[in-house]
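Notes for the one structure printed next.
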Amino acid sequence: MRRRIAVVGSGPAGLTFARVLHRHSYPVAVLERDPAPDARPPGGALDLREGLGQLALDKAGLLAEFQALSRPEGQAMRILDVDGTVLRDWRPRPDEQANPEIDRGQLRDLLLGPLDVRWGRSVTQVVPGTRDGVLVHFADGRQEAFDLVVGADGAWSRTRPAVSSVTPHYTGVTSVEASLDDVDARHPDLARLVGDGSVAVYGVNRALVAQRNSGGHVKVYVQFRAPLDWHTNLDLADVEVARSSLLALFDGWAAPVLDLLRRSTAFVHRPLYALPVSHTWTHVFGVTLLGDAAHLMPPLGAGANLAMLEGAELAESIATGPGDLDEIVRAFEERMWVRAGRWAKITTAGLERLVSPDPSEALALFDQVQPS
């Protein structure tokens with residue numbers, strides 16, 4: 001018997017879950033608070049890893065389409081000293097497919113495909129154990145019952161309280177995101193600095209990373225250790241104020257590096273939060289979590305990959321596996337917790353080394369992951 005299944009959130013985790021179910025002709029309701037796919041900027045590029053994100057897309061029947069859209073050259077990575085000296089300049093082989101890049105917007109559109117998403121359905125609460133099943137409450141006052149609700153609604157999940165009282169904590173590292181548009185034509189010197197992939201500079205308790213996206217767009221990420229309220233007396237919505245305060249943090253760094261900030265626009269404050277490394281919960285009938293809702297961790301390239309694979313694996317188990325739906329979900333959670341806990345430890349330790357009192361730790365980490 002087909003069960004009533006809903007996934008909350010249309011990020012990579014939720015859409016992969018829904019797309020794999022769709023591939024097996026299994027109905028699912030995708031509930032998304034945004035009124036349309038392009039209601040918000042999609043964010044920067046993602047590197048999808050073999051055995052993780054790429055495996056998830058293979059389960060969804062989308063690997064070939066991903067390979068046509070992705071940018072293997074985006075795996076390139078250059079590391080500079082604060083004085084501009086090139087410390088590492090790694091470039092992928094022509095056939096390198098370990099971590100090709102794809103813009104989040106392109107990935108979203110690829111996963112959306114034929115899915116029928118219920119846009120503008122903002123979930124406020126998920127209540128398990130009712131007479132009709134799991135009751136989902138919406139911001140407009142409506143309610144709907146399901147047999148299984150999968151929370152793929154991110155860091156500040158409205159589904160998570162149904163299974164866990166834990167909330168994300170501030171890591172001590174804050175991030176500010178900025179942008180450069182039409183970089184090849186307008187800023188050719190910075191285009192050369194960034195190259196085909198990313199350029200990173202690590203200093204004492206701070207880092208500056210620029211990542212090429214498609215269409216001549218570059219995302220610039222500033223990371224530094226600071227109290228959560230460091231910006232209390234600053235109006236970060238004022239571009240000039242934001243730029244000046246960030247430039248002061250990087251005083252003395254090489255001029256070409258600082259030009260990434262001088263010419264950037266649209267500064268967005270994004271403090272980094274995480275859930276406890278070993279976050280689990282007592283199983284609740286009819287509710288589970290995926291991705292950041294389940295195991296929010298520092299953004300070091302693992303989160304979206306894990307989320308997509310989790311969504312694909314759970315959907316595949318539901319659509320093809322024999323047995324009771326609740327037992328399928330229980331078994332999935334046990335597998336997810338082990339794998340996510342391992343990656344949470346890796347990324348937590350990684351953040352400590354990338355934004356560190358000793359910048360050589362960042363370089364050593366790069367050499368471990370990608371020998372020069």
So, with +1 on the Cβ of K and R and -1 on the Cβ of D and E, and no other charges, what is the size of the charge dipole of segment 1-121 about its Cα centre, to the nearest 20 debye? 840 debye
Taking the simple approach of a point 7 Å from Cα along Cα-to-Cβ for both A36 and D109, what is their distance in nm? 1.4 nm
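Using 0.36 nm per residue, how much length does the chain from V338 to W156 gain when fully extended, once their Cα-Cα distance is taken away?
Full-extension gain reported as 63.3 nm.
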Pairwise label distance in nanometres, T124 with T320, each label 7 Å out on the Cα-Cβ vector: 4.1 nm
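Using a 1.4 Å probe, what is the accessible area per residue for the chain, in Å²?
Details: 16290 Å² over 372 residues.
Per-residue value: 44 Å².
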In the P(r) worked out for segment 33-120, what percent of Cα pairs fall beyond 17 Å? 58 percent
For the pair R142 and A226, how long in nm is the line joining their label points, each one 7 Å along Cα→Cβ? 4.2 nm
Expressed as a whole percentage, what fraction of the accessible surface of the chain belongs to carbon and sulfur atoms when a 1.4 Å probe is rolled over the protein heavy atoms? 51 percent
Output ordering of 226-236, 65-75 (per-residue mean of other Cβ within 10 Å, highest first) is 65-75, 226-236
Based solely on its DSSP helices, what 222 nm [θ] is calculated for the chain when runs of n ≥ 4 H residues each add -39,500 (n - 2.57) and the sum is averaged over all residues, nearest 500 deg cm²/dmol? -10500 deg cm²/dmol
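Using 1/(1 + (r/R0)^6) with R0 = 45 angstrom and r between the beta carbons of D235 and V86, what's the FRET efficiency to the nearest 0.05? Walk me through the numbers before you get to the answer.
Working: r = 36 Å, r/R0 = 0.80.
Efficiency, rounded to the nearest 0.05: 0.80.
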Classify segment 200-298 as rounded, prolate or oblate from the Cα gyration tensor: take a ≥ b ≥ c as the square roots of its eigenvalues, call it rounded if a/c is under 1.5, otherwise prolate when a/b beats b/c and oblate if not. prolate
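The values are calculated or read from the model by the stated rules, or taken from the named source; none is laboratory data. Since this is a predicted model, take the numbers as computed values, not measurements. We place every Cβ from the backbone using ideal geometry, glycine too, and count neighbours over all the protein chains shown. When the accessible area is computed, the model is the full protein with side chains, heavy atoms only, and any ligands, DNA or RNA have been set aside. Shrake-Rupley method; radii C 1.70, N 1.55, O 1.52, S 1.80 Å.
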